[in-house]
Amino acid sequence: MIAEPMPAEWPPISRPSARAWQQGLREAIRSVPELLAVLGLDAEAVDADAADLAFPILVPRAFAARMRPGDPRDPLLRQVLPLRREREATPGFVADPVGDLARLAGPGVLHKYPGRVLLIATGACAVHCRYCFRRHFPYAGELAARERWAPALATIAADPSIREVILSGGDPLSLGTPRLAELSEGLAAIPHVRRLRIHTRWPIVLPARVDRELLDWLGALRWPVTVVLHANHAREIDDEVAAALGALRAAGATVLNQAVLLAGINDTVEVQAALCERLGDLGVVPYYLHLLDPVEGAAHFAVDARRGRAIVGRLRERLPGYLVPRLAREVPGRQSKTVLA
Ligand SMILES: *Cc1c(COP(=O)(O)O)cnc(C)c1O
Ligand code: SF4
């Protein structure tokens, strides 16, 4: 695998008083008319929903800049634009499709699979994805980062079967690096923890998050670290994102990607192959391709399992085995994700 050359001065040096990624989030687009104006689109023509929503629009300008102006079917736009169609009820599409609320082992600690726990570190994200299975999650009472992580750390310390801690959310990199360092210091005192994983969309959406402070923290951790990104389309990965992914690898992280199979966005062999090739060129391994979790408001994104299997079968004929993602779905109550192809 050949990584793209990194610019000599990557990452930009940021002082704690002027973190570029926090500025990027502050300046993000938070209204439907504003996003449509940036792209030169008409609300009626795209079925946009400009009402105040419980799960409002959030799109950093760095991400919007990768959308094609004037294209209502742009695959990046469709991931983030609220549509009136989201209000339609569809049988089988529910608020908590994967049964997470029933599986909390402690505050913000999800223990569904043997050997690993998933920390709902924070509810905040760099972007709001309309298909998100946690779009209705009652984050307020369930965050692992509260009380300086103490209740979550106590839950992990009490169970020696836990070998791996997965930081998730929301998006754990929405927390500042000092908060993450508090957690890693706490985990370092728990001998049975052997691996750390970070599930994040920040490096894709707002690559300025991958700054010197984050890389120094990552590089100094005592465990093997895996960063699992979330990109659904090759066009999400521009040169700045590519440089950030290179910097994560240079800091010693294993970098994987998970995608969601989304109707009208990435449900063709060509689009999936382009994504996997782009990731492979950057030394990132496609890990999972998830079937949509049936969350209320997202039925229009669903792609059935048969079509998913056909796409992955064709990918296998075109790509090296390590660049073909596992097609998976989450079946509530099982001990692992269910791999379909
Ligand atoms: C998806 C998930 C994991 C991670 O599963 P892997 O197959 O190890 O990637 C862990 N815990 C929960 C609750 C999950 O939903
Ligand atoms: S970044 Fe992840 S957790 Fe956040 S809205 Fe998107 S899919 Fe959901």
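Annotations for the structure displayed:
- From E27, E34, residue being at pLDDT 95 or above, at negative phi and more than 23 Å from the chain's Cα centre (by Cα): E34
Per-residue answers, yes or no, for (1) assigned to a helix (DSSP H, G or I); (2) more than 23 Å from R30 (Cβ to Cβ); (3) not assigned by TED's automatic domain parsing to the domain that holds P224:
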residue	(1), (2), (3)
A105	no, yes, no
L110	no, yes, no
L118	no, yes, no
L143	no, no, no
L153	yes, yes, no
S161	no, yes, no
I166	no, yes, no
S184	yes, yes, no
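- Filter pass, A251 being surrounded by 17 or more Cβ atoms within 10 Å (Cβ to Cβ) and in contact with a Gly (Cβ under 7 Å, 6 or more places away or on another chain): yes
- Of everything listed in (1) among the β-branched types (V, I, T); (2) touching a residue at least 60 places away in the same chain (Cβ under 8 Å); (3) closer than 29 Å to Q22 by Cα, the single unmet condition for V94 is (3).
- Scanning the stretch 290-327 for residues that are aliphatic (A, V, I, L, M) and over 17 Å from A95 (Cα atoms) returns V303, A305, A310, I311, V312, L315, L319, L323, V324, L327.
- Put simply, of R116, R135 the only residue that is buried (at least 16 other Cβ atoms within 10 Å of the Cβ), within 16 Å of ligand 2 (Cβ to nearest atom) and in contact (Cβ under 8 Å) with a residue 12 or more places away in the chain is R135.
- Hey, I162 touching a strand residue (DSSP E or B) at 6+ places or on another chain (Cβ under 9 Å), within 15 Å of ligand 1 (Cβ to nearest atom) and over 26 Å from L279 (Cβ atoms) or not: yes
- Residue among G123, G99, G170 that is touching a residue at least 40 places away in the same chain (Cβ under 8 Å) and either aliphatic (A, V, I, L, M) or touching a helix residue (DSSP H, G or I) at 6+ places or on another chain (Cβ under 6 Å) (or both): G123
- Within the stretch 304-340, the set of residues being touching a Gly at 6+ places or on another chain (Cβ under 9 Å) and assigned to a loop (DSSP other than H, G, I, E, B) comprises L319, P320, E330, P332, G333, L340.
- Evaluated against (1) of a type outside the set (D, E); (2) more than 16 Å from ligand 1 (Cβ to nearest atom); (3) over 30 Å from H300 (Cβ atoms), P138 falls short on exactly one condition, (3).
- Taken over the stretch 294-324, the residue count meeting the criterion of being acidic (D, E) and surrounded by 18 or more Cβ atoms within 10 Å (Cβ to Cβ) is 1.
- Qualifying positions in the stretch 21-30 - exposed (fewer than 14 other Cβ atoms within 10 Å of the Cβ), in a loop (DSSP other than H, G, I, E, B) and of a type outside the set (D, E): R30
- Selection from the stretch 94-111 of residues that are of a type in the set (A, V, I, L, M) and away from ligand 1 (no atom under 11 Å from the Cβ): V94, A95, L101, A102
- Boolean, R179 is more than 16 Å from ligand 1 (Cβ to nearest atom), more than 24 Å from D96 (Cβ to Cβ) and at pLDDT below 95: no
- Strands (runs of 3 or more DSSP E) fully within the stretch 208-299 counting 1 or more residues that are farther than 30 Å from L101 by Cβ: 254-260, 285-290
- Any hit, the stretch 37-58, residues being assigned to a loop (DSSP other than H, G, I, E, B), within 16 Å of ligand 2 (Cβ to nearest atom), in the same structural domain as I156 (by TED's automatic domain parsing) and under 21 Å from the mean Cα position of the chain (by Cα): no
- Going through (1) surrounded by fewer than 22 Cβ atoms within 10 Å (Cβ to Cβ); (2) among the β-branched types (V, I, T); (3) more than 16 Å from ligand 1 (Cβ to nearest atom) one by one, V210 falls short only on (1).
The values are calculated or read from the model by the stated rules, or taken from the named source; none is laboratory data. Everything numeric in this text was worked out from a predicted model, so none of it was measured. Every residue, glycine among them, receives a Cβ derived from its backbone with ideal geometry; neighbour counts consider all protein chains shown.
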